[in-house]
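Below: one structure, written as structure tokens.
The values are calculated or read from the model by the stated rules, or taken from the named source; none is laboratory data. Note that the structure is a prediction, hence the values are computed from the model and not measured. Heads up, the Cβs are rebuilt from the backbone with ideal geometry, glycines too, and the neighbour counts pull from every protein chain shown.
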Amino acid sequence: MKKIAIYIHWPFCLSKCPYCDFNSHVSDSIDIEAWEEAYMKEIESYSYKIQNRNITSIFFGGGTPSLMPAKLVEKIINKLASFGKITTDTEITLEANPTSVEAQKFIAFKSAGINRISIGVQSLRSSDLKFLGREHNVTEALSAIELARKTFDRYSFDLIYARPNQSLKAWQEELKDTMKIAGGHISLYQLTIEKGTPFYKKHSIGDFALPDNDVAADMYNFTNEHLSDHGYNLYEISNYAKPGEECRHNLSYWHYDEYIGIGPGAHSRIQDSSVKAVMNIHAPSKWLEAVKMTGSGIQKNEPLTKQEIIEEILMMGLRLKAGINDKRLCELTHSLFKDVINQDNLKQYIELGFVDLTNNHLRLTDKGLLMHRYLVPRLIATT
């Protein structure tokens, strides 16, 4: 049975964080019935794709999906199950913020079918939570993690490091505290400044500065070593897991498997005779209206060129520490590494210790992963 992954986007938050460039919005009122109807309709529009497929994962992202009523989550899962096959092996994740969880709600989400929780903690230091614009405090974060541990077999949480004025020693101490409460998976991201965010403007006028590259690299190296000492494998640039605890949904993206995105701004990759890139309408109100009128919120549905597929496979696959072999590349593009890699740059990066190519298996080394955004575009041969 062919497999497929499903992403559900809930676009609403209690507040907009100054570093966030995701499709998230603050709204005074939400018509839950209208949103339920829209989700059901858009899922139905993909029934031809989901029908008789093994749904390997469902991921409720946002926004803040823990603001959703548990009954709505349950109805979405049941609707997907009416077309595809959901089993006890299906990973069903919901993102949560510490301000929008309490024991009864976690229990309700579990009853609805959620079997994995990912909590947006971002820091275990009060001053940094305030700087990052988070609504919760450290006590609430620790309480949410403890609730997740008691309620779910699998849970994860996120932290952001390489924050302004953060020293290596400060991060080392915070990471040691983190290991006392971590489950089988944890996501650790270095703070990046994205265009269009309040942080971008403040950073550009010098309101704050990030740690220099050498300090950030030292933080990254310590993180990898410390988590390895505690039994966690770095399996993707910013994600660490104990064996078998990797996020299966995100692996679908990085392995370039087929997936469907439901909701405003969601993306899909549909693999038929070619690979089609599907993008939904970004604005929640416009998406809602489009689905109401036409049954679909799609804004763009275009086949990718061979070069675009090659670029996506390499950009996504090389985020993984394991890297990729050229079998998957050949399946989708009928090309091998020797046809699509810039050989001069490859040779240089191998000599510098950034890249390894062994038995048609290409991967970035640990220090190469830290430079993924720079290296991978330069590894791809232009046509």
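The sole residue among S296, S268, S335, S273 that is modelled with pLDDT under 95 and farther than 20 Å from L362 by Cβ is S273.
Quick one: would you say S143 is part of a helix (DSSP H, G or I), in the same structural domain as A170 (by TED's automatic domain parsing), without any contact (Cβ under 8 Å) to a residue 60 or more places away in the chain and surrounded by 16 or more Cβ atoms within 10 Å (Cβ to Cβ)?
Numbers: part of a helix (DSSP H, G or I): yes; in the same structural domain as A170 (by TED's automatic domain parsing): yes; without any contact (Cβ under 8 Å) to a residue 60 or more places away in the chain: yes; surrounded by 16 or more Cβ atoms within 10 Å (Cβ to Cβ): yes.
Against the criterion (part of a helix (DSSP H, G or I), in the same structural domain as A170 (by TED's automatic domain parsing), without any contact (Cβ under 8 Å) to a residue 60 or more places away in the chain and surrounded by 16 or more Cβ atoms within 10 Å (Cβ to Cβ)), S143 qualifies.
Out of I76, I114, which single residue is in contact with a helix residue (DSSP H, G or I) (Cβ under 8 Å, 6 or more places away or on another chain), part of a loop (DSSP other than H, G, I, E, B) and closer than 18 Å to I8 by Cα? Reasoning before the result, please.
On the way: I76 fails: part of a loop (DSSP other than H, G, I, E, B).
When all the criteria are applied, what remains is I114.
Any idea which residue in the stretch 359-377 is modelled with the highest pLDDT, counting only those that are surrounded by 14 or more Cβ atoms within 10 Å (Cβ to Cβ) and more than 22 Å from the chain's Cα centre (by Cα)? Only one residue tops the list, namely L362. Residues that are charged (D, E, K, R), in contact (Cβ under 8 Å) with a residue 40 or more places away in the chain and not in a helix (DSSP H, G or I) do occur in the stretch 18-40, at least one of them.
Taking the options S82, S57, name whichever one is among the hydroxyl-bearing types (S, T, Y), over 13 Å from E95 (Cα atoms) and over 19 Å from the mean Cα position of the chain (by Cα). It would help to see each step written out before you state the result.
Details: S57 fails: over 19 Å from the mean Cα position of the chain (by Cα).
Only one candidate passes the filter, namely S82.
Residue-level analysis places D356 among those that are of a type in the set (D, E), at pLDDT 95 or above and either part of a strand (DSSP E or B) or more than 21 Å from the chain's Cα centre (by Cα) (or both). Can you pull out every residue in the stretch 121-140 that is farther than 21 Å from H185 by Cα, touching a residue at least 24 places away in the same chain (Cβ under 8 Å) and among the aliphatic types (A, V, I, L, M)? Selection gives L132 alone. Could you say whether any residue in the stretch 249-268 is over 23 Å from S47 (Cα atoms) and touching a Cys at 6+ places or on another chain (Cβ under 7 Å)? Checking the stretch 249-268: not a single residue is over 23 Å from S47 (Cα atoms) and touching a Cys at 6+ places or on another chain (Cβ under 7 Å). For the stretch 186-219, the candidate set comprises residues that are β-branched (V, I, T) and surrounded by 11 or more Cβ atoms within 10 Å (Cβ to Cβ); within that set, the residue that is farthest from E95 (Cα to Cα) is V215.
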